[in-house]
Structure formats: C-alpha cells, structure tokens
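Read the figures in this text as sums done on the coordinates, not as results from a lab. Computed from a prediction, not measured in an experiment: that's the story for all the values here. Methodologically, a virtual Cβ is constructed for each residue, glycine included, from the backbone with ideal geometry; neighbour enumeration extends over all protein chains shown.
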Amino acid sequence: MDVSVETPGPGLFLDEWDALARTSPSGVFGTAEWHAAVQKAYGDRGRAAVAAFREHDRLLGVAPFRFGSRPLIHDATLLGMGEGGYGLGDYAGILAAPGREGDVADAVVSWLAASAGWDLLDLQQLPPGRLTKALLESIRRAGLRSLVRRHNICHVIELPSTWAEYRSRLSPGARDWLERKPRKAERELGATIELIEPDRLIEEYRTMRRFQAQRFGGQPPERESKLAAVISAWLPVAYERNWLRMFRLRSGSRTIGVLLGYEYEDAFYFHSAAFESLGEGAKYSLGASLLAAALHYSIDHGLERFDMLRGHYDYKVRLGSEKRYNYRVMVFRDSLMGRGIEAALHIRTILKGKRPWRTELEGPLDVEAGSDDSDRSARAPEHLATSPVGVE
C-alpha cells in the first residue's frame, strides 16, 4: 500500500475522501470539509499532515493528523479534534474502505512509527467498529506501549419509517413531552419552526451561543474565538454541500431556540441546541419543539439513524436511543515514558473518580452498558440543552 502525505487545502482529493467518509461510522466528522474548517482555527497549533493510503491508485484510507508540542513532550493528535482532551469532533476522522480496515490500520501505524516529531500519539473519539479494533491490534503488534479507555457515550436512535411507529416505542411521558409540549408552545407563543436561510446562519449560531451562555455560563475568550472561527468556516461549506440542517424556533419575529444538525448519508447528526431560558420562553419546554422538528424531518426524509452524539442525558434515553461508546487511545514511542505517564494518569483518575486507563480494552468493542467520563447528572427532558459544541 502506497502512502502520500499532503497539507490540507482546497481540492485535496475531496470526492474520494467523501466517498470513504460516507461508509464510515465517523460520518460528517470524517469529511475533508470538517477537517479544513478546524484547520482554519487551529493551523497555528502545529504541523498538519494528511496521510492518504492507496493501492493501484484507489484511495483506501485517510489519516489526518497534527504534530505539535506540549510541555516536555511532542505529540500527534487527530486533525479534526482541535486541541485538548475532549476535542471538537464527535467522531475521529481516520477512515478506511469497508473490508480493508486491517490493512489500513497496519499502514497507519507503520507510517506513524516511521514518522519523526512525536513521543505521544493521542487518538480521541474513536467510534466502535472494525477500524478501531484493527488499530488497537496493529498498535499491539508493532510493540508500542498504549493505554485505552471508553471516552464518551453517544446516543443513537434507529429510526422507523413512520412517526406512528416511532411514537409507539416511547413511554407515555416521552410522547407527551415530544407532542403536547410543542403544541402548547405553538398555541400560546405562536411558536413556529423553520430551516434557517443561508444569509443568517452565523447570526443565528451566535444566538444559540448566547442562549447557551445564559444557561451554562460562557467559555474563556480564546476558546470561544477558536470555536467561532471553526463554525464560521464550517457552516457555509456544510450548507453548500447540502449537509446543514439548522432549525430556528420563532415567536413572532423573535428567535427563541436554535438546533444545529446535519443530514449526511442515511443519518441525522444532532450537534447542538439551545433556547431562551429567561423571560417568557422559560415557561415552555422549547427543547421539545426543536427536537420534535428534527425527528419529524429525519423520519419524513427516510433517514435510518438519529445520532445525538456525545453526552449522556436522561432525555436521550427517554427518546428511545441506544448507548454507543467512543474510545480514547494513547500510544507512547518510548516505553519508559509510557510507564511514567501511565502512573500519573492512574493517580489522576483515582482522584477524579473516572474510569481507569487500561493496557487492553475492557470487554467487547461494541454497544455496551455502563458509565464513562461523559456521564453527567441525569436531566429531565424539560431541561434539554446540549453542551456547547466541543465543550464537555
């Protein structure tokens, strides 16, 4: 298998890359466009390199990385994550053609092992599936010391073909919240739902961020600035590619709620949402109106999955979702360094009460029950508001 390394930019084998993303569990977060948007904001955080793996000129795999530095250490991280332990992308952007996951994983690990410029390899938000399993096996065969643990819970709803069938799966309380609450907002507030027009995407995204800040508090200015740069680059491109599905909830001329999502291949990706939590809107379950609109849209358009992405909230369970785990893997070029970091991480996880790191995967790599670092206090549906994009 041949490997070429390129710098992200316009025209970077976009059609071939997109074809791989459409067969990947990473979905829209595996696209070249998502990585280019993140690079717009984080291009100063290290050297970006996209490794393309081909066989007889056919693209079989893509591995987008950033090589940078932390105090006393050089690291390699996934390009679509930005920086930090939580990352911007909800799924990792390493891609492989179906049936060739093992070959691509071996090629990725061999390329990284031969590449200078890293002591620590940090793979975040690896989705469950054949490629993640193959990467873990390739790392082990290469003799590299590594640690792995469940990173976050994602909730996914497998959608039926009709709304009637979907609602029949729900409890009476969930049906009431998803149907009666929106009707109340429509009746008493004159609330209406519409897709946001392209010239108002950034403005309404800022409205959503303002609602989130009112409810959860703001982010540090530098982080907010980086996030704004990513979104300003991403939303127009996602709209142009016909992936963006951004809903606005209005009362008269006033925006009282915004939901950010994407339609990609056979799935709807629910990225983030927020609504008015002060004043008149605080008396209504506006989150129900936003989610009901997105779910109706997904079923009406024949989509197969409604992916609610990261974050473990009670309302996601009530809506009939299944838990799926993402994984985080740390790989060390030097075994002695790995042992030292492993000891430090062990102490840190004990002090913080988090799931411990392990040298081997605990249990099968698939849909499992349990808890992980993304578990938060369960909230009733009335308090629906996802965390800001990329912020735990």
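Placing unit charges on C-beta atoms (Lys and Arg positive, Asp and Glu negative, everything else neutral), compute the dipole magnitude of the chain about its Cα centre in debye, rounded to 20.
Result for the chain is approximately 1320 debye, rounded to the nearest 20.
Say each of residue 14 and residue 296 gets a label point 7 Å from the Cα, pointing the same way as Cα to Cβ; how far apart are those two points in nm?
3.4 nm
State the percent of C-alpha pairs, over all pairs in the range 205-347, separated by a distance greater than 18 angstrom.
67 percent
What is the distance in Å between the Cα centroid of the range 314-333 and that of the range 44-100?
Cα centroid of the range 314-333 versus Cα centroid of the range 44-100: 20 Å apart.
Could you grab the relative contact order for the chain? Cα pairs under 8 Å, six or more apart, rounded to a whole percent.
22 percent
Using only the alpha-carbon atoms, how far is helix 32-42 inclined from the longest principal axis of the chain? Give it as 0 to 90 degrees, nearest 10.
80 degrees
For the range 113-209, what does the equivalent ellipsoid look like in terms of its semi-axes, each the square root of 5 times an eigenvalue of the Cα gyration tensor, given largest first in whole Å?
Each semi-axis is √(5λ); the values are 45, 23, 12 Å.
Could you tell me what a quarter of the Cα convex hull surface of the range 216-281 works out to, in nm² with one decimal place? Mind showing how you got there, number by number?
Details: hull surface 23.6 nm².
So the Cα hull casts an average projection of 5.9 nm².
If the chain were replaced by its equivalent ellipsoid, with semi-axes equal to the square roots of 5 times the Cα gyration tensor eigenvalues, what would those be, largest first, whole Å?
Numbers: eigenvalues 261, 99, 85 Å².
Each semi-axis is the square root of five times an eigenvalue, giving 36, 22, 21 Å.
What does the helix-only formula give at 222 nm for the chain: each DSSP H stretch with n ≥ 4 adding -39500 (n - 2.57), the total divided by the residues, and the result rounded to the nearest 500 deg cm²/dmol?
Details: 12 runs with 138 residues, N = 392.
When only DSSP H runs of four or more count, the value is -11000 deg cm²/dmol.
By how many degrees, 0 to 90 and rounded to 10, does the Cα axis of helix 201-216 deviate from the longest principal axis of the chain?
90 degrees
Applying 1/(1 + (r/R0)^6) with R0 = 45 Å to the Cβ-Cβ distance of residue 2 and residue 347, what FRET efficiency is obtained, to the nearest 0.05?
The pair residue 2/residue 347 has a calculated efficiency of 0.55.
How high is the relative contact order of the range 25-165, given as a whole-number percent (alpha carbon pairs under 8 Å, six or more residues apart)?
Relative contact order here is 22 percent.
Given q = 0.13 Å⁻¹, what are the Debye log10 I(q)/I(0) values for the range 149-261, with equal point scatterers placed on the Cα positions and solvent ignored?
After summing over all Cα pairs, the log10 values are -0.73.
Which value results when the Cα radius of gyration for the range 30-126 is divided by 2.2 N^0.38 Å?
Against the empirical 2.2 N^0.38 Å value, I get 1.05 for the range 30-126.
Helix 335-352 sits at what angle to the longest principal axis of the chain, using alpha carbons and giving 0 to 90 degrees rounded to 10?
Tilt relative to the chain: about 30 degrees.
So if each residue of separation counts as 0.36 nm, and I subtract the Cα-Cα distance between residue 192 and residue 265, what length gain in nm does that give?
Details: separation 73, 0.36 × 73 = 26.28 nm, distance 2.74 nm.
Result for the pair: 23.5 nm of gain on full extension.
Please list, in order, the residues from the range 153-167 whose amide nitrogen is less than 15 Å from a point placed 7 Å along the Cα→Cβ vector of residue 322.
It comes to 154-160, nothing else.
Which of the residue pairs 181/316; 133/323; 184/316; 226/316 have a Cα-Cα distance greater than 24 Å in the structure shown?
Beyond 24 Å: 226/316.
Give the residue from 4, 110, 255 lying farthest towards the positive end of the charge dipole for the chain; charges sit on Cβ (+1 for Lys and Arg, -1 for Asp and Glu) and the dipole is referred to the Cα centre.
So the residue furthest toward the plus end is 255.
What number, in percent, do you get for the relative contact order of the range 91-173 if the mean sequence gap of Cα pairs under 8 Å and at least 6 apart is divided by its residue count?
Contact order relative to length: 33 percent.
Once fully extended, how much extra length lies between residue 183 and residue 239, figured as 0.36 nm per residue of separation less the alpha-carbon to alpha-carbon distance?
Roughly 17.2 nm would be gained on extension.
Among 184, 133, 316, what is the fewest-to-most ranking by other Cβ atoms within 10 Å?
184, 133, 316
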